[in-house]
Each structure stands twice: as structure tokens, then as C-alpha cells.
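Following: one structure in C-alpha cells, then a few remarks.
The values are calculated or read from the model by the stated rules, or taken from the named source; none is laboratory data. On a predicted model such as this, the values are computed, not experimentally measured, just so you know. Quick reminder, even Gly has a Cβ in these numbers, built from the backbone with ideal geometry, and neighbours come from all protein chains shown. Side chains are part of the model used for accessible areas, which takes the heavy atoms of the whole protein and leaves out ligands, DNA and RNA. Shrake-Rupley method; radii C 1.70, N 1.55, O 1.52, S 1.80 Å.
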Amino acid sequence: MILTAFTLLMVCLAISLPVAAVLALTGYVLSEQYAFFPMTGAAGELAWNSSNDFILIAAPMFIMMGELMHRSGVSERLFTALTPWFARVPGRLMHTNIAASAVFAATSGSSLATAATIGTVAIPNMDKGGYNRPLFLGSIAAGGTLGILIPPSINMIIYAVLTDTSVADLYAAGFIPGFVLAALFSGIVLGLVLWRPAWGGHAVGDHTLWPERIAGLKHLIPPLALFLVVVGSIYAGVATPTEAAALGLMATVGLVALNGRLTLPVMLAAFEGTVRTTCMIMLIVISAFFLNFVMVSIGLVAAITDAVLSLGWPPLGMLLAIVGFYLLLGCFMETLSMMIATTPIIVPVIVGLGYSPIWWGVVFVILIEAALITPPVGMNLYVVQAVRKGGGAFSDLFKGAAPFLLAMLTMIGLLILFPQLALWLPTILNPKTGG
């Protein structure tokens, strides 16, 4: 039964069937082969129950926020405000790329939107500043991945729905690791530039005056205000995650209007992008819920959990094996599909090993971040290449992103050694979490 399910999934993905179709087809075959009665009759009710979840309503609103922010001009002002602060740091604009990505991630919830937005602003400065192209592009692609770790995060919402965990706890758990990972990214840049000074570019103009730095801080207010509206309202107890997403969307619309960008073409483009992304996500979610229902009904999830635990490996060894599995799988599978297809199977194993599902949610998101910058299916690499209007070798992205994988693996190691990096803040904000 396990071999049949795994083989069917891999074959269907290998022949490039749409992921939603792969999940639904796998569920159908397993139902016909192993179920005592046909389960396809429950597909309609499952589709309704999975798509009307109140928490999932937040997803299209966060997507809409990212679409509007991408077109609002906030990213240009954000980049300009942060640039003087790194003028004397070796690597200069590469640190700005990472810092701007971290701040933008706190309003977007999407890695692809973060990479596209920051890349559009940063890449024109790459050759002008004399930076090493692969490393500069890698800092954008890696920085973009912070969009799904620093709250708010669309992927964490979906993980919460699939595992019946708290979105608020997941957001709190991702906060400290998100900014620690951003610091590790900057550390990678600093180390490489100190090793190869020519990679760090040359100064363009004088960006060292304190008045200029202070004057630019006003451009940090809009994204930070949006972050406080969304995340602050959740932890202040005045809004659920879904209501916070609605508040954030309203604030974003107001911000775009204040910037004079709230035009009909901008709104139509944002609506179209939101609908396309939401439809893709929901079709995959519905198919995954059907597959999960079938797997639970025929005992496949329990069989996999028992098979893994019966190996007798120590929890740490099993955990490292799972991490290695995801690093490999991320090279060949799109991230959202990987999350939805494997979460119902892996999380029971993780819990059976004695680990917290909240803690694992953060580790899992970092593994998904790694998948976003690992070839051949690293979506952030394709996004950065797409906004690289002057063209150039795609291999530059592979080379530039590779050092940042080391930072992600380091972050996972830190979380294994010090799980309170992820669990301390949720425990403080919600003592019932308990780690």
C-alpha cells in the first residue's frame, strides 16, 4: 500500500501532471484499490468543508496585500531608506537586499512576491555598483524566501489548516528564527566579501551622512505599520488571523491610495494576480484534503507512522533523515505542493518522535525556503531571473544561491539544538502552547 502510493505520486509528478490532478488521482486509485467502499462520493462534501474554512479566507487577502504592495511604490522607498545604513558595510547593497526583504516579508506573506518586488528595485544597481553578479542575485533570491517565515505567512496558514494548529502560535514561532536567518544571510555575504573584496562592489555616492539616514526612516513607517496592524491585532486579542488579514488589506489599500497608485489598472492587475494564485492554492488544498481523507480511511497514514517508528532509530537520527528527504524532494517538487502532499504523512511521525508540531512548522518552512532556491525547480530563482531585464546566464542564480543554503542548514541546526528559538515566544504569548 505504501509502495503503491509513493510510486503513483512520483510517476505522476515525473510526467508533469498538474499537482492538484496528481493528488486527486492518487486518492482515487488508493480508494478503488484498498477502500472497503467507494470514497469518491465524499469528494463534494470534502471540497466544501476544506474550502470554507474560516482561517483559509486569510490567504487571498494576504495575497492581495502582496500584489498591491508590489505595485504601490513602497518597495522603492523602503530600499532607498535602508541603503545609507549599509553604505560602509562590506557588501553594501547586498545587505540592503536582505534587510529590505525581511521588512517587506513582514507585510507580504509570499516569498515570490518578496523576491519579485525587491529584485525589481535592486537589480538595476547591480552592475552600476560593480557587485559580483551571482552573489548579488543570490542575496535577492534567498532574501525573498523570508516572505514565508517572517509573519504573516500564507504557507503557515495552510500548514495550520492541515495540522489543526494555531496560526497565532506559528506566527510567533517564526518571528525570531526569521530575523536570525536574515542575520545569517548577511553574515554569509559579509564573510564572502571579506574573503573576496572585489565581490562587494564599490561605493556609489556618499550615503554616510546621518541626516540622510534619519530622513529615510519615515519610509520604514508604512511597512512597519502594516506589520503592527496585522500581527499586532492578533496578539492584542482584538482580531483573529482572518480578521487581521482583512484589516491589513484595508490598510494596504489606504497606503496605495496615499501614494497615488490606487488606479483602475493597478486594482485590476492585483485582482487578477490574486484570483490566479488563490485558485491554484485552493485546487491543491481540496485535492490534498481528499487524498488525506482516503489515506486516513484506508490506514495508510498509520501504516507509514508505524513503519517509520518501527525502524528503531533515535528521534534525532529520524529527524535528520526527514530533513535530508525534504532537501532532496525540494529539488524536484514545487514547494506548496510539497507542503500539502507530505504534511498529513510526516507530521504524525514528527509528533510520534516527541517533537512539537509548532516547532516542526518552523523547521518545515525553512526546508521549503531551501526548496525555493535549489535547482531545477527553485521558484525564487526563476522569479529573480525574470525580473533581470538585461538577461544573463541562469547559472548565476544557482551559484549565488548556494552559499545561502548553508545559512538555512545552520538555522535548522540551531533550532534542533535550541528549540526555544521557536517555542519561547509562543509560550510567552500563549502559555497553553507549552512547547
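Between L82, L68, L93, the distinction of being of a type in the set (A, V, I, L, M), touching a strand residue (DSSP E or B) at 6+ places or on another chain (Cβ under 9 Å) and crowded, with 21+ Cβ neighbours inside 10 Å belongs to L93 only.
For region 260-279, the set of residues classified as surrounded by 15 or more Cβ atoms within 10 Å (Cβ to Cβ) and farther than 11 Å from L68 by Cα consists of T277, T278, listed by residue number. Among the residues of region 373-392, the ones that are open to solvent by 10 Å² or more (accessible area, probe 1.4 Å) and among the hydrophobic types (A, V, I, L, M, F, W, C) come to 5 in all. Candidates T117, T145: the one that is of a type in the set (S, T, N, Q) and out of contact with any Leu (no Cβ under 6 Å at 6 or more places or on another chain) is T117. With a requirement of 3 or more residues that are in contact with a Gly (Cβ under 8 Å, 6 or more places away or on another chain) and surrounded by 24 or more Cβ atoms within 10 Å (Cβ to Cβ), the helices (runs of 4 or more DSSP H) lying completely within region 150-229 that satisfy it span 154-163, 167-195. Filtering region 342-367 to residues that are under 13 Å from N292 (Cβ atoms) and open to solvent by 10 Å² or more (accessible area, probe 1.4 Å) leaves T342, P344, I345, I346, V347, P348.
A residue that is in contact (Cβ under 8 Å) with a residue 12 or more places away in the chain and assigned to a loop (DSSP other than H, G, I, E, B) occurs nowhere in region 16-34. Region 281-382 holds helices (runs of 4 or more DSSP H) entirely within its bounds, and those carrying 3 or more residues that are within 19 Å of the chain's Cα centre (by Cα) map to 315-329, 335-352, 357-372. If you go through region 106-137 and pick out every residue that is open to solvent by less than 10 Å² (accessible area, probe 1.4 Å), at positive phi and over 15 Å from the mean Cα position of the chain (by Cα), you end up with 0.
The numbered conditions (1) farther than 30 Å from A401 by Cα; (2) part of a helix (DSSP H, G or I); (3) open to solvent by 10 Å² or more (accessible area, probe 1.4 Å) are all true for A244 except (3).
Filtering region 111-122 to residues that are in contact (Cβ under 8 Å) with a residue 60 or more places away in the chain and in contact with a Gly (Cβ under 8 Å, 6 or more places away or on another chain) leaves S111, L112, A115, A116, G119. Total residues in region 55-102 satisfying the condition of being closer than 22 Å to R196 by Cβ and free of Cβ contacts under 8 Å to residues at least 60 places away in the same chain: the figure is 3. Close contacts from region 244-255, counting a first residue that is farther than 17 Å from A269 by Cβ and touching a residue at least 60 places away in the same chain (Cβ under 8 Å) and a second that is in a helix (DSSP H, G or I) and open to solvent by 40 Å² or more (accessible area, probe 1.4 Å), with Cβ to Cβ under 6 Å and a gap of 6+ residues or different chains, come to G248/V229. Here is a list of conditions, (1) in a helix (DSSP H, G or I); (2) open to solvent by 40 Å² or more (accessible area, probe 1.4 Å); (3) within 18 Å of V89 (Cβ to Cβ); (4) touching a residue at least 60 places away in the same chain (Cβ under 8 Å), and I140 meets all of them except one; can you say which number that is? It fails just one condition, (2). Whether a residue is modelled with pLDDT under 90, under 21 Å from the mean Cα position of the chain (by Cα) and closer than 30 Å to A21 by Cα was assessed, and G273 passes this test.
If we keep just the residues of region 216-230 that are in contact with a Pro (Cβ under 9 Å, 6 or more places away or on another chain) and modelled with pLDDT of 85 or more, which is nearest to I57 (Cα to Cα)? Only one residue tops the list, namely V230.
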